[in-house]
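These notes concern the structure reproduced below.
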Amino acid sequence: MSRRIALSVLFGAAGVVVLGGAGAFALAHAGEQPPALSDSTARYSVPSGDRDGSLTFVTDVTASSGVKNVKVLAWPENSSFAKKELTAKDMAGAEPAVCEPSGDDIVRCTYTAKVTRSDAESSPHGVWHVAVLATGKDGTTTLDTEAADFAVR
């Protein structure tokens, strides 16, 4: 074997090792991606007659490690949260959404709250936002402070 061919084979094999190592790093890094939210919607209905109203929020969450939990908090646009950004710590007491499998690494999460006539009358009118904290089984988190909006009139 000539010296030139031997060096080409040696450096070619080293390149495969380097590229293979980079690919393994990329795959390991891809597994650590935080949950992703999509198709988030909020629907608010006012109480009518003797029937309660409701707030329903739905979102799809994608997480390669799986979804550990999803917490939801509705907040009025003119509240203290508008001045001070919501944090994951603020979401600790938020209510959980119910999540069901919806495809590969995807769950559809739904949160529903009853709205009584008293709730509706005492709530600030105007635009409200829905904040969502999604936590993956690997501990990664995503906080979207304005995942969806709705109006209280």
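The values are calculated or read from the model by the stated rules, or taken from the named source; none is laboratory data. Quick caveat, the model's predicted, so the values are computed rather than measured. When we count neighbours, we look across all protein chains shown, and the Cβ atoms used for this are built from the backbone with ideal geometry, even at glycine. Surface areas here come from the heavy atoms of the whole protein model, side chains and all, with no ligands, DNA or RNA. Shrake-Rupley method; radii C 1.70, N 1.55, O 1.52, S 1.80 Å.
Observations, loosely collected:
- Any hit, the range 137-144, residues being more than 24 Å from the chain's Cα centre (by Cα) and of a type outside the set (S, T, N, Q): no
- Of the residues making up the range 59-86, those that are modelled with pLDDT of 95 or more and under 21 Å from VAL127 (Cα atoms) number 8.
- Restricted to strands (runs of 3 or more DSSP E) entirely inside the range 76-141, those with at least 3 residues that are open to solvent by 70 Å² or more (accessible area, probe 1.4 Å) are 98-103, 106-115.
- Flag for LEU27 being open to solvent by 40 Å² or more (accessible area, probe 1.4 Å), farther than 19 Å from LYS137 by Cβ and at pLDDT below 95: no
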